[in-house]
Every structure is written in C-alpha cells, then in structure tokens.
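**Q** Take a look at this one; I'll ask things after.
The values are calculated or read from the model by the stated rules, or taken from the named source; none is laboratory data. The structure displayed is predicted, hence computed values, not measured ones. No Cβ is skipped: glycine too gets one built from the backbone with ideal geometry, and neighbour counts run over all protein chains shown.
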Amino acid sequence: MLINIQSCYPFQEKRQITFSQGYFQTPLHGLFHLPLSPQAHAQLLLLQGDLNEVVLNASSDTWSYIWNSEVFSVKRAYRHLSGHCHPHPAFKWTWKSSCQRKHKVFFWLILKDRVSTRDLLKRKNMVLEDYNCILCNTSTAETLTHLFLHCPFATQCWAWLNVQVDHDLEPFQTLQSFRNQLAVPFFMEIIILMCWVIWKARNNLVFRQVNPLLVNTKEDFRKEVGLLMLRAKQSYSPRIDQWIANLA
C-alpha cells in the first residue's frame, strides 16, 4: 500500500514507501519536506487519523485491485468504472449483429445520439443557414428521431419493410416494436441497414444535390442485404433471401 495524498505528494521526501514504513514513522511529518501548505497540512491530519485506526499484522504488503484480487481484469475494471448501469439490449443486439463494423459503429452513434444531424450541430453551436430536415418540407428540426423515424421519407422506407412507426413511442421502445413486427432473428441487421441507407439518402441530398427516391433507397437496401448474406450465419442466409424476395 502506498502513502499518496494528493496535496501532500509534492512535499514527500520519498515518493513511494510501503504502508508499514509510513505507519512506524515518528513523527509522521518527518516523511515530508517542511513547511507544508495549509491544504497539505489538513490532509496530513486526516492521514494521521486514518493511521491511528489501522492495526498491522505480520503478513507482507501486497498489491491488489479494488475488486480484492492481484489479477487485473478488463471486464472487472469496466464494471467498476461503469457502475451498476443497465444499458438497453439494443446495444448488445447491435454488436452481435452480422453487419459490417462501419454499420455497427454508425448505429452505436445513433443509440448514443452522436450522429451529426443538424440538431446535433446546432447543440455544438455550429452556424448553419437551416437546421430543419432536408428530406421533407415540414419545417421540422432534423433530430435523430425525426430523421430516422418520423420523417415522411423514413416512414415510407419502414412501411416498405412492413414496419409501422408509432409516433407515441420512445426511440428504444420503437426498436422493440420493430423487433416484434419484423419477427425474424436477423431483425437488428434489417434495422441497422435501413437506417444506413436513409442516412446515405440524406447525405446524397446535402452534399450531391441528389433527390431522395424510394426506388433508389430500395435498390441500395437490397445491395446492402446482399453483402450481409456473405457475413451472416449460414442458417440465416436462406431466410434472408426469402425475406428480401417477399418485399414489394
């Protein structure tokens, strides 16, 4: 165990000593260069109080992590740093999908509200001529929810997949609704790829002035699904092929 008090640290004569060496130091301030700053002196008093409550045994000092083990584990460190948060299953669905990594990262950014929509750029104080959705003429801010769910163009895309968007649901509730409506084991791949082609249609309009057409989006989606079949589980391939063939 190391004696390392933040304010006292600049005054230490020895930067690293064992706990027992510090425990038996008399007087305790002999470990430090004097005079101490007021803040360091206050922490020295706290350290003195903590040492008075410690009872040493004959065992040797050992290094251990906060989870009471000498073995480092990334998983345990992550759990300790993240606390007791319980993320939505959509995060797990995303990383377990068969999509390409670029698709997974893209959808993870959606889940974290980090995709560069005009609403996000506005929150970052970026000056634009207009912050409304470019895919529709409803004068509605281009938020994630609007762009991928509530925009008439997006609604048409989802309707083509026989998926209805309930505007009264929260985004994560909508994902669960999509899962139930699709009712296939590769539901997450479908959701991710449809969001991807909607985003591509939006960017083509912004940067290339190419008007979004549902027929082009359908073709783009079929192309992405075709590439997906090269990565998906072999047991999924016939079902994906049949599912995409049943689309209008």
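**Q** Out of curiosity, is S116 assigned to a loop (DSSP other than H, G, I, E, B), without any contact (Cβ under 8 Å) to a residue 12 or more places away in the chain and farther than 30 Å from G226 by Cβ?
**A** no
**Q** Of all residues in segment 202-228, how many are crowded, with 18+ Cβ neighbours inside 10 Å and farther than 22 Å from T117 by Cα?
**A** Qualifying residue count, segment 202-228: 3.
**Q** Which of the residues that make up segment 134-165 are assigned to a loop (DSSP other than H, G, I, E, B) and in contact with a strand residue (DSSP E or B) (Cβ under 7 Å, 6 or more places away or on another chain)?
**A** S139, T140, E142
**Q** Look through A154, A201, A183 and report the one residue that is in the same structural domain as D241 (by TED's automatic domain parsing) and more than 23 Å from W108 (Cβ to Cβ).
**A** Testing whether each residue is in the same structural domain as D241 (by TED's automatic domain parsing) and more than 23 Å from W108 (Cβ to Cβ) leaves just A183.
**Q** Kindly indicate whether E189 is surrounded by 16 or more Cβ atoms within 10 Å (Cβ to Cβ), of a type in the set (D, E), closer than 20 Å to A90 by Cβ and under 23 Å from the mean Cα position of the chain (by Cα).
**A** Answer is yes for this residue.
**Q** Any idea which of Q48, Q25 is part of a loop (DSSP other than H, G, I, E, B), in contact with a Leu (Cβ under 7 Å, 6 or more places away or on another chain), surrounded by 10 or more Cβ atoms within 10 Å (Cβ to Cβ) and modelled with pLDDT under 85?
**A** Going through Q48, Q25 in turn, the sole match is Q25.
**Q** Counting only residues that are assigned to a loop (DSSP other than H, G, I, E, B) and either among the aliphatic types (A, V, I, L, M) or in contact (Cβ under 8 Å) with a residue 12 or more places away in the chain (or both), how many does segment 51-71 have?
**A** Of the residues in that region, 9 qualify.
**Q** Give me the pairs: first residue in segment 146-160 and on the phi > 0 side of the Ramachandran plot and at pLDDT 95 or above, second residue surrounded by fewer than 21 Cβ atoms within 10 Å (Cβ to Cβ) and not aliphatic (A, V, I, L, M), beta-carbon distance under 8 Å, and six or more apart or on different chains, which are they?
**A** Every condition considered, no pair remains.
**Q** Here's another thing I want to ask about it. Pairs, please: C-beta under 7 Å, at least 6 apart or cross-chain, first residue modelled with pLDDT of 95 or more and in segment 188-207, second among the charged types (D, E, K, R)?
**A** L193/E224; W196/E224; V197/D220; V197/E224; K200/D220
**Q** Does any residue of segment 119-133 turn out to be surrounded by 13 or more Cβ atoms within 10 Å (Cβ to Cβ), within 21 Å of N216 (Cβ to Cβ) and not hydroxyl-bearing (S, T, Y)?
**A** yes
**Q** Name the pairs whose Cβ atoms lie under 6 Å apart, with the first residue in segment 120-136 and within 25 Å of V197 (Cβ to Cβ) and outside the structural domain of Q209 (by TED's automatic domain parsing), the second assigned to a strand (DSSP E or B) and not charged (D, E, K, R), and 6 or more positions between them or separate chains?
**A** Here the result reads none, with nothing in segment 120-136 linked to a residue that is assigned to a strand (DSSP E or B) and not charged (D, E, K, R).
**Q** Within segment 76-84, does at least one residue satisfy the condition of being farther than 21 Å from A201 by Cα, in the same structural domain as R179 (by TED's automatic domain parsing) and among the basic types (K, R)?
**A** no
**Q** Within segment 141-164, identify whether any single residue is acidic (D, E), out of contact with any Gly (no Cβ under 6 Å at 6 or more places or on another chain) and more than 26 Å from E129 (Cβ to Cβ), and answer yes or no.
**A** no
**Q** Follow-up question, since we're still on this one. Taking S98 as meeting all but one of (1) assigned to a loop (DSSP other than H, G, I, E, B); (2) among the polar types (S, T, N, Q); (3) within 30 Å of G22 (Cβ to Cβ), write down the number of the exception.
**A** (3)
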